[in-house]
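Comments concern the structure below.
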Amino acid sequence: FNNKAFIWVAAFLLIFIASGEVLLHGLKLLTSPIKSIGVDGLSAYQTIELTKQKIVKTSFSILWGILAFIFLIFGIKKQIKSIRIIALVLLGITIVKLFIYDINNISETGKIIAFILLGILILIISFVYQKIKVLVIDDDKEQISNETD
């Protein structure tokens, strides 16, 4: 974990693999009964593309928010600044994606769920960051005072 480039590449690969898994499992769950003719007279390909678009718009934002939260907690506990920065960048990308890409042509229910979950994650992240930040600073002060004694 000493090399910053390695941390960024590893985080990117983790996010990429997790996103791919969510997409594959979502497609399997949501398109399993498709035969040669899809739902509502659409072809199987069109049905899969619509399902894929729904998964990307809703599930990726939730997944990336959760991963940002996990990265932040891990970065704070292990005191690795690069991972905390990755978490904040991922959260920023998620918010930008949500406002620019996800809002278009999504159902009202999907919008409500995505915004509520993202709002909860942002509140939890800010609360945990402030609480753990104080604990980390206090631990550093105790270590310094123990070393001087």
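Worth a mention:
- Residues satisfying the stated conditions in segment 74-104, i.e. open to solvent by less than 40 Å² (accessible area, probe 1.4 Å) and among the aliphatic types (A, V, I, L, M): ILE76, ILE80, ILE83, ILE86, ALA87, LEU90, LEU91, LEU98
- Matching residues, segment 39-91, being in contact (Cβ under 8 Å) with a residue 12 or more places away in the chain and part of a loop (DSSP other than H, G, I, E, B): LYS78, GLN79, ILE80
- Single residue of LEU42, LEU30 found to be open to solvent by less than 90 Å² (accessible area, probe 1.4 Å) and at pLDDT below 85: LEU42
One line per residue, one yes/no per condition, for (1) of a type in the set (A, V, I, L, M); (2) modelled with pLDDT of 80 or more:
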{"position": "GLU21", "(1), (2)": "no, yes"}
{"position": "GLY26", "(1), (2)": "no, yes"}
{"position": "ILE34", "(1), (2)": "yes, no"}
{"position": "GLY38", "(1), (2)": "no, no"}
{"position": "LYS52", "(1), (2)": "no, yes"}
{"position": "LYS57", "(1), (2)": "no, no"}
{"position": "SER61", "(1), (2)": "no, yes"}
{"position": "TRP64", "(1), (2)": "no, yes"}
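- Within segment 84-103, one or more residues are modelled with pLDDT of 80 or more and of a type in the set (D, E, K, R).
- Counted residues, segment 113-143 - those being more than 25 Å from ASP102 (Cβ to Cβ) and either open to solvent by 100 Å² or more (accessible area, probe 1.4 Å) or modelled with pLDDT of 65 or more (or both): 9
The values are calculated or read from the model by the stated rules, or taken from the named source; none is laboratory data. These figures come from a predicted structure and were not determined experimentally. All Cβ positions, glycine included, derive from the backbone under ideal geometry; neighbour counts span all protein chains shown. Calculation scope for accessible area: heavy atoms of the full protein, side chains included, ligands and nucleic acids excluded. Shrake-Rupley method; radii C 1.70, N 1.55, O 1.52, S 1.80 Å.
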